[in-house]
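Everything on this sheet refers to the single structure shown next.
The values are calculated or read from the model by the stated rules, or taken from the named source; none is laboratory data. None of the values given here were measured: they were computed from a predicted structure. No Cβ is skipped: glycine too gets one built from the backbone with ideal geometry, and neighbour counts run over all protein chains shown.
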Amino acid sequence: MKKLLSTFILACVPLSLMGETIILKADRWCPFNCDPTSAQSKELGYIVEVAKLVFERKGHNIDYQVDTWTNSIESVRSGKATGLVSTTMPDAPDFIYPAKSMGSNKECFYVKAKDPWEYVSLSNLKGRKLGIVESYAYSAELTSYLMDHPEQTVKGTGSLPLMSNIENMKENKIDTIIENPFVFNYFTESKKIRDNYEEAGCTEGDPLYIGFSPKNPRSKEFAKILTEGIEDLRKDGTLGKIITKYSLKDWSP
């Protein structure tokens, strides 16, 4: 009788009120999303921290997993995972996105210290060997250039592709790394190698999001929860406290 009563009660609970384990996936891209298994850091990355707080307040659990970017996209697209962390809309245009972004991404060009080259426009990329990341979506103009000049690119791989690109630069396989400035600075400063590189110019930025799976029937609901939750955290000051830990400022005050 008790079992039947419990089943009846569960059946009467609206789906929107039932807690769920939300699986978030991405490659490591600190300070946006970091290594969840690192014993040396309690910081998950501010986007993961914000999402965790927002969804836990609604009774959901977060399972943040690190994989390659290609695998992460496919896991979310197929519905095996719930959300893709730190993505731009061009990365996965078929995903479900919140109305509010969770940061801003721009592409900067990094060279070895004392390399005099500077980025001015796409035309002066000619002759450079570019370190990029497999399956990353860059700005439309840069993506078009990279597709037209595959002989100039070497792809960083693995769950920490920036490390792969830095190794490729050490081995002179590339002479330019294309990367988000917050990610590049955070990583190289943590490794005490920032002085080995110089920023040689940047492009305009695109908004960053958590994109939800087109196969998950609750994706629109999750996107709405995140949109409203970000604004709540912004209003009560919690968002500012979280991003300050990463030496960042609110991207949309």
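Residues checked against (1) crowded, with 16+ Cβ neighbours inside 10 Å; (2) in contact (Cβ under 8 Å) with a residue 60 or more places away in the chain; (3) on the phi > 0 side of the Ramachandran plot; (4) not aliphatic (A, V, I, L, M):
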position: Glu189; (1), (2), (3), (4): no, no, no, yes
position: Lys192; (1), (2), (3), (4): no, no, yes, yes
position: Ala200; (1), (2), (3), (4): yes, yes, no, no
position: Ser213; (1), (2), (3), (4): yes, yes, no, yes
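Look at Thr244 and say whether it is more than 30 Å from Ala140 (Cβ to Cβ) and without any contact (Cβ under 8 Å) to a residue 60 or more places away in the chain.
On the way: more than 30 Å from Ala140 (Cβ to Cβ): yes; without any contact (Cβ under 8 Å) to a residue 60 or more places away in the chain: yes.
Yes, satisfied.
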Review point. At pLDDT 95 or above, touching a Phe, Trp or Tyr at 6+ places or on another chain (Cβ under 7 Å) and not polar (S, T, N, Q): does that describe Ile47?
Key: yes
Practice item. Consider Glu56 carefully, then state whether it is modelled with pLDDT of 95 or more, among the charged types (D, E, K, R) and under 21 Å from the mean Cα position of the chain (by Cα). Key: yes
**Study point:** Considering residues of region 74-113 that are among the charged types (D, E, K, R) and modelled with pLDDT of 95 or more only, the residue nearest to Glu228 (Cα to Cα)
**Key:** Asp94
Exercise for review: Quickly run through region 181-220 and pick out the residues that are touching a Leu at 6+ places or on another chain (Cβ under 9 Å) and β-branched (Val, Ile, Thr).
Suggested key: Val183, Thr188, Thr203, Ile210
Check your understanding: Hey, does region 137-160 have a residue that's of a type in the set (S, T, N, Q), within 13 Å of the chain's Cα centre (by Cα) and surrounded by fewer than 19 Cβ atoms within 10 Å (Cβ to Cβ)?
Key -> yes
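Those residues that are part of a helix (DSSP H, G or I) and crowded, with 19+ Cβ neighbours inside 10 Å, I need them from region 54-74; list them, please.
Of everything in region 54-74, those that are part of a helix (DSSP H, G or I) and crowded, with 19+ Cβ neighbours inside 10 Å turn out to be Val54, Phe55, Trp69, Ser72, Ile73.
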Exercise for review: Determine whether region 137-144 contains at least one residue that is in the same structural domain as Ile73 (by TED's automatic domain parsing), within 22 Å of Ser75 (Cβ to Cβ) and not in a strand (DSSP E or B).
Suggested key: no
Review point. What's the number of the condition Phe222 fails, among (1) within 20 Å of the chain's Cα centre (by Cα); (2) outside the structural domain of Gly83 (by TED's automatic domain parsing); (3) at pLDDT 95 or above; (4) of a type in the set (Phe, Trp, Tyr)?
Key: (2)
Practice item. Go through region 125-179 and count every residue that is without any contact (Cβ under 8 Å) to a residue 60 or more places away in the chain and within 13 Å of Lys112 (Cα to Cα). Key: 14
